[in-house]
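The values are calculated or read from the model by the stated rules, or taken from the named source; none is laboratory data. Source: prediction; values computed, not measured. No Cβ is skipped: glycine too gets one built from the backbone with ideal geometry, and neighbour counts run over all protein chains shown.
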Amino acid sequence: MAKRDRLSGNEAVAIALRQINPDVFPAFPITPSTEIPQYFASFVANGQVDTEFITVESEHSSMSAAIGAEAAGARSLTATSSCGLAYMWEELYIAASNRLPVALALVNRALSGPININCDHSDSMGARDSGWIQIYAENNQEAYDNMVQAYRIAEHKDVRLPIMICQDGFITSHAVENIELLEDEEVKKFVGEYEPENYLLNPECPMAVGPYSITDYYMEAKRNQAEGMKHVSGVVLDVAKEFAALSGREYGLFEEYCMEDAQRAVVIIGSAAGTTKDAIDKLRAQGEKVGMIKIRLFRPFPASEIAEALKDVKAVAIMDRAESYTNQGGPLGADVMAALFRARSEALAVNYIYGLGGRDVRVEDMEAVYETLKQIIEDGDAEETYRYMGIRE
Amino acid sequence: MSNHTEIRWHGRGGQGAKTAALLLADVAFKTGKYVQGFPEYGPERMGAPITAYNRISDEQIRVHSNIYDPQYVVVVDESLLESVNVTSGLKKDGAILVNTQRSKEEIIPHLKGYEGKVYTIDAYKVSMETMGKYFPNTPLLAAIVKVAGIMDEEVFLKEMKASFEHKFASKPEVIDGNMKALEMALKEVR
């Protein structure tokens with residue numbers, strides 16, 4: 001039985017974690033993710049979970065402790081944002097290369113500087129090559145649902161990779177909105193017990209974790225990680241199918257909104273997708289053929305599926321809430337354009353940088369993007385493909 | 001009430017504008033509405049101007065931007081009338097609610113020509129008489145519920161009582177004062 005409630009995105013993720021009852025949760029606070037361990041600490045104090053909650057002195061340590069616990073055979077996780085993630089950098093690669101299905105509740109926030117506490121995706125986008133699975137949410141409901149599905153994906157024997165469950169700092173983490181929660185027992189049953197095949201605390205099978213890899217082996221180790229990544233999409237879809245049967249809420253690798261006959265499309269990640277949906281409804285009411293693809297799974301990147309979804313589109317705007325200083329756009333833009341190129345797409349594509357440091361995204365802003373795409377189709381030329389939305393020049 | 005209401009709160013850090021917005025989302029949720037309650041965050045500290053927002057709707061809310069053209073504005077601290085453009089985008093068929101000890105006539109000249117309805121409440125008086133301390137957000141919450149016609153007053157009081165009983169389970173002595181503040185505010189707003 002679903003339970004209707006109203007919760008902030010941080011509360012929603014904390015409740016999912018209570019229902020999952022992981023074994024080990026090392027934590028160090030940083031805005032705007034602090035509330036997740038804060039709520040969770042009260043669940044620990046109230047005896048609602050039997051998780052080992054470890055307060056550490058830095059994010060470097062919280063991820064290290066999560067890795068150590070996971071290697072020992074314990075289901076573990078931590079939460080962080082922004083510079084906290086940056087401080088975990090070294091450990092991110094270690095979790096991935098050791099094939100440890102650690103979970104990270106990431107609340108997206110701009111990296112310094114200038115110092116800023118608000119939302120953009122520069123933190124997780126910077127970590128996109130670390131070997132972690134990355135899943136993004138539009139709202140509190142999706143953040144909750146993604147957290148519930150996280151371990152099923154990460155721990156799958158064909159995957160065994162760490163997973164980052166991302167949501168937009170403040171915009172969803174601190175906004176109270178309606179949500180439907182699953183019953184504790186349902187979540188417990190869905191997630192199941194963690195039964196690692198190889199783990200340090202198994203006396204039957206002594207093993208080393210994280211030893212030196214000589215040149216003769218290093219490349220094969222990395223290739224094995226890539227092999228795990230190849231299985232992620234399929235597992236994500238299988239888990240989503242089971243989750244839909246349980247919750248009635250359907251998830252894919254990405255969401256297609258009004259794409260059936262769309263001539264103009266936006267590709268976007270996170271909370272601004274909801275705002276874009278309102279813009280689409282307004283424009284559709286005026287007969288405009290506009291649609292949107294909202295990325296859920298960003299790593300691994302569902303390139304061919306996205307190219308297929310965009311195959312009939314005349315113009316597309318790819319929206320990046322992070323810079324990558326290539327002088328030609330952001331990370332999502334690069335991935336989508338590569339996908340379009342390989343699919344021999346003839347769509348005219350532009351890449352916008354938007355919403356940095358929490359810059360607000362309004363329905364009108366997204367309407368203007370669709371208007372620009374209309375002009376591009378008329379001109380038959382995208383001209384400058386690297387653009388900024390809502391910038392004061 | 002129309003099926004989609006947008007409210008903007010202007011306060012100063014520490015006055016509870018954010019809490020009031022979250023409480024309003026909470027109580028509107030209990031009447032079956034879709035709700036959003038969220039603050040706009042910056043380098044907040046005690047006394048700095050802050051903004052918080054509510055959307056209350058019969059339909060699912062997907063937009064995640066701030067509110068630029070609200071139906072209602074609540075001013076928790078009247079000193080903000082001089083430093084912040086509180087009526088910016090405020091709809092003419094909406095209303096502004098100002099916490100002040102002054103009369104409505106004295107406030108209107110400070111509203112930059114706003115042509116809609118103006119309501120005032122002396123939240124200081126209500127708060128001191130009922131709770132013995134200055135917590136402007138409780139009286140303002142009741143006042144905006146009345147001004148915006150968000151729900152039936154009886155239902156509001158009943159839901160708030162349940163909410164306070166849950167929130168203040170460890171200090172039940174404050175429940176009475178808070179309830180009295182709500183009841184008095186419903187009468188005092190003008």
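Among the numbered conditions (1) within 20 Å of A:Val176 (Cα to Cα); (2) away from every other protein chain (no Cβ under 14 Å); (3) in contact with a Pro (Cβ under 8 Å, 6 or more places away or on another chain), the only one that B:Val84 does not meet is (1).
In region A:34-120, counting only helices (runs of 4 or more DSSP H) that sit wholly within it, the ones holding 2 or more residues that are more than 21 Å from A:Ile171 (Cα to Cα) and of a type outside the set (A, V, I, L, M) span A:35-45, A:59-72, A:89-97. Candidates are the residues of region B:149-158 that are under 11 Å from B:Met179 (Cα atoms) and in contact (Cβ under 8 Å) with a residue 12 or more places away in the chain; the one that is surrounded by the most Cβ atoms within 10 Å (Cβ to Cβ) is B:Phe156.
Quick check: is even one residue across region B:24-43 in contact with a helix residue (DSSP H, G or I) (Cβ under 7 Å, 6 or more places away or on another chain), among the acidic types (Asp, Glu) and in contact (Cβ under 8 Å) with a residue 24 or more places away in the chain? Checked region B:24-43: at least one residue is in contact with a helix residue (DSSP H, G or I) (Cβ under 7 Å, 6 or more places away or on another chain), among the acidic types (Asp, Glu) and in contact (Cβ under 8 Å) with a residue 24 or more places away in the chain.
Looking across region B:27-57 at every residue that is assigned to a loop (DSSP other than H, G, I, E, B) and in contact with a strand residue (DSSP E or B) (Cβ under 7 Å, 6 or more places away or on another chain), the one that is modelled with the lowest pLDDT is identified as B:Glu44. Residues in region B:116-136 that are buried (at least 24 other Cβ atoms within 10 Å of the Cβ) and in a helix (DSSP H, G or I): B:Ala123, B:Val126, B:Ser127. Name the residue that is surrounded by the fewest Cβ atoms within 10 Å (Cβ to Cβ), counting only residues in region A:267-293 that are within 13 Å of chain B (Cβ to nearest Cβ) and in a loop (DSSP other than H, G, I, E, B). Going through the qualifying residues, I end up with A:Gly270. Give the residues of region A:121-148 that are outside any loop (DSSP other than H, G, I, E, B) and within 26 Å of A:Asp5 (Cβ to Cβ), sorted by residue number. A:Ile135, A:Tyr136, A:Asn140, A:Gln141, A:Glu142, A:Ala143, A:Tyr144, A:Asp145, A:Asn146, A:Met147, A:Val148 - these are the residues of region A:121-148 that are outside any loop (DSSP other than H, G, I, E, B) and within 26 Å of A:Asp5 (Cβ to Cβ). Identify all residues within region B:124-169 that are in contact with a Phe, Trp or Tyr (Cβ under 8 Å, 6 or more places away or on another chain), within 30 Å of B:Gly89 (Cβ to Cβ) and aliphatic (A, V, I, L, M); write none if there are none. Across region B:124-169, the qualifying residues are B:Ala142, B:Ala143, B:Ile144, B:Val145, B:Val147, B:Ala148, B:Ile150. Could you please find all residues in region B:91-109 being touching a residue at least 60 places away in the same chain (Cβ under 8 Å) and over 15 Å from the mean Cα position of the chain (by Cα)? Of everything in region B:91-109, just one residue is touching a residue at least 60 places away in the same chain (Cβ under 8 Å) and over 15 Å from the mean Cα position of the chain (by Cα), namely B:Lys104. State all residues of region B:41-70 that are under 25 Å from B:Thr120 (Cβ atoms), surrounded by 20 or more Cβ atoms within 10 Å (Cβ to Cβ) and not hydroxyl-bearing (Ser, Thr, Tyr); if no residue qualifies, say none. Of everything in region B:41-70, those that are under 25 Å from B:Thr120 (Cβ atoms), surrounded by 20 or more Cβ atoms within 10 Å (Cβ to Cβ) and not hydroxyl-bearing (Ser, Thr, Tyr) turn out to be B:Ile50, B:Ala52, B:Asn54, B:Arg55, B:Ile56, B:Ile67, B:Pro70. Being out of contact with any strand residue (DSSP E or B) (no Cβ under 8 Å at 6 or more places or on another chain), crowded, with 17+ Cβ neighbours inside 10 Å and on the phi < 0 side of the Ramachandran plot is true for just one of A:Leu92, A:Leu104, A:Leu17. Which residue is that? Going through A:Leu92, A:Leu104, A:Leu17 in turn, just one is out of contact with any strand residue (DSSP E or B) (no Cβ under 8 Å at 6 or more places or on another chain), crowded, with 17+ Cβ neighbours inside 10 Å and on the phi < 0 side of the Ramachandran plot: A:Leu92. In region B:49-61, of all residues being under 18 Å from the mean Cα position of the chain (by Cα) and free of Cβ contacts under 8 Å to residues at least 60 places away in the same chain, the one that is farthest from the other protein chains (Cβ to nearest Cβ) corresponds to B:Pro49. Within region A:344-363, residues that are over 17 Å from A:Ala273 (Cβ atoms) and within 12 Å of chain B (Cβ to nearest Cβ) have Cβ atoms under 7 Å from residues that are part of a loop (DSSP other than H, G, I, E, B) and at pLDDT 95 or above in these pairs: A:Gly357/A:Ala110; A:Gly357/A:Asn116; A:Gly357/A:Asn118; A:Gly357/A:Asp120, counting only partners at least 6 apart in sequence or on another chain. If only residues of region B:1-48 that are away from chain A (no Cβ under 11 Å) and of a type in the set (D, E, K, R) are counted, the one that is farthest from B:Gly89 (Cα to Cα) is B:Arg45.
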